[in-house]
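Q: Sharing a structure below in structure tokens format, with a few things to ask.
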Amino acid sequence: MKDIRARLTDLLKVGYCTPRISGLAKALKEPPATIHYNIRQLEKGTIRGYRAVFDYKNIDQGFCTYAMIHIMPDEYMNPAKIAKDLAKYPQVECIDIVTGDWDLILRVRTKDIDEYYQFVKNVLGKMRLSRVQSVPTMKQIKDEFIEIKEDMILKK
């Protein structure tokens, strides 16, 4: 059988997932048609998309770092422009505009610290940023409202 796991993973990361209507119907004790109708209503403005939650080590993205960014004063009035520029990079999993000591917080996923160093040097180092502080994660406990368990397997 053809191995397309890497290509499939790329699509699942950006939203090519659908809810399991039958599983939801069983859990809520409602007919599948009711679940389907309500999901369609939620998709009209509440649900932005679907994605898989991965064991990132298994897809060579096991190094997760939060990068806190302070932008240059002359760019301060438009942090969304810098955020949108950074969001184009596949290593950037999540980006938020914040207040306080930092202007942006990025969650960056790479294979290892060496790949993260290249990201900092080649991407962050070339942008109009006055300061970047990296905080690597030690272990992920919860992602997208799903608690990560050591022995987590998909139940059918």
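Q: Where in the stretch 50-149 are the strands (runs of 3 or more DSSP E), entirely inside, with at least 2 residues that are touching a Pro at 6+ places or on another chain (Cβ under 7 Å) and touching a residue at least 24 places away in the same chain (Cβ under 8 Å)?
A: Those strands (runs of 3 or more DSSP E) span 63-71.
Q: A further question on this structure: Hey, LYS155 hits all of (1) modelled with pLDDT of 90 or more; (2) under 30 Å from ALA27 (Cβ atoms) but one; which does it fall short on?
A: Just one mismatch for LYS155, condition (1).
Q: Criterion first (buried (at least 16 other Cβ atoms within 10 Å of the Cβ) and farther than 14 Å from PRO136 by Cα) does ILE82 satisfy it?
A: Yes.
Q: Among the residues of the stretch 92-119, which ones are closer than 14 Å to VAL132 by Cβ and either among the small types (Gly, Ala, Ser) or in contact with a helix residue (DSSP H, G or I) (Cβ under 8 Å, 6 or more places away or on another chain) (or both)?
A: VAL92, ILE95, ASP103, LEU104, LEU106, VAL108
Q: Let me ask another. Can you work out which of the residues in the stretch 11-49 that are at pLDDT below 85 and part of a helix (DSSP H, G or I) is nearest to GLN140 (Cα to Cα)?
A: Filtering first and then ranking leaves LYS13.
The values are calculated or read from the model by the stated rules, or taken from the named source; none is laboratory data. Values in this document were obtained by computation on a predicted structure and should not be read as measured data. Here Cβ is always computed from backbone atoms with ideal geometry, including for glycine, and neighbour counts include all displayed protein chains.
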